[in-house]
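Down below is the structure, laid out as structure tokens.
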Amino acid sequence: MFDVITLGSAVIDFFLATGVHERRHEICYPAGTKIAVKDLRYSTGGGGTNTSVSFSRLGLKTAWLGKIGTDVNSEVILKEMKKEKVTFLGSKCEDKTGISVILDSEEHERTVLTYKGANDDMKFSEVKLNKLKTKWFYFASMMGESFKTQEKLAEFASKKGIKIAYNPSSYQTKQGAEALKNVLKNTEVLILNKEEAQMLSGSGDFLKKLRELGPNIVCVTNGKEETVVYDGKHKYSANPHDFTGKERTGAGDAFASTLVAGIIKGESMELCLQLATTNSESVIKYYGAKNILLTWKAALKELRKNPVKVTKEVY
């Protein structure tokens, strides 16, 4: 029996420090020229592997359900999953494993070029349902055939009493609530950013509107601004610390998985929100989505050093 099974993508992230300055919220590169980059790093990424490693480091028995190719990149990913004590329950195919290229500006804003590859082609018929013995599913953003599989797994979860945490991307939320209704109606915890929340809810009180779509707990992040959680009775608010990070790829995955891990462990919402903020800030301080993901003990220690204030109000 697993504590949580994640369903999401796997990629190899290539980080290029371009040395190019951002102008008017754009990072521009002249055509027909060569640019000598200042630094190049790579690591594994993707919502499925990022969150599964986070859950495992936080002390939960974890599996990852995803689809990869048969290339060398897939072997790098599987080797890391084994090292991180994450069980692979997915499948392989002849398509390429996903790749992302992160172009980092001097101001540490980024443009991400993503090739989804095998990630979008996970068929429900390929899923071994008899191995999905878990208390929770964590659904990261998936597209194409893989999203159809998520919809069917949401129905499977409802029948089996498995709770779902769902973290859709803007790719999905811009399609509107109707397109996601089969997952949302079976979701226990919904985590998304403010822009995505407004896409799904429209105008008005997005916290209450989002909860009406099915989730019992709604969490909305807002970059460097206030993060809020609403459980139908209370609204919890937290502000991240003000600091300059190196790169924010994977910070959202760290936040969402840590928040859900705390809920799975039965902790108070205040502590869940504090630890989620702490772990996401740890990731932002370094390159790579997984390099400085914290263990439960390390997150508590860091929280004591740098407290995160959470307010609670009837809402």
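Key figures for this structure:
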item: FRET efficiency for F156 and K61, using Cβ-Cβ distance with R0 set to 35 Å, rounded to 0.05; result: 0.95
item: R41-V314 FRET efficiency (beta carbon distance; Förster radius 30 Å; 0.05 resolution); result: 0.05
item: Ordering of 223-230, 194-201, 64-71, 128-135 by packing [mean C-beta count within 10 Å, highest first]; result: 64-71, 194-201, 223-230, 128-135
item: Spin-label pair E226/S203, simplified geometry with 7 Å Cα→Cβ offset, distance in nm; result: 2.2 nm
item: Between segment 107-144 and segment 166-182, the Cα center-to-center distance that results, in Å; result: 14 Å
item: Backbone HN-Hα couplings from phi across segment 16-25 [Karplus 6.51/-1.76/1.60, Hz, Gly and Pro as x]; result: 10, 7, 7, x, 8, 7, 7, 9, 6, 6
item: Cα-centre dipole for segment 157-315 with unit charges at Cβ (Lys and Arg positive, Asp and Glu negative), debye to 20; result: 420 debye
item: Cβ crowding within 10 Å averaged over residues, with 50-57, 20-27 ranked highest first; result: 50-57, 20-27
item: Nonlocal amide H pairs with T44, under 5 Å, H built at 1.01 Å; result: D13
item: Point-to-point label distance, K265-E212, nm (Cα→Cβ direction, 7 Å offset); result: 3.6 nm
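Here, each number is a calculation from the coordinates, and none is a lab measurement. These figures come from a predicted structure and were not determined experimentally. All Cβ positions, glycine included, derive from the backbone under ideal geometry; neighbour counts span all protein chains shown.
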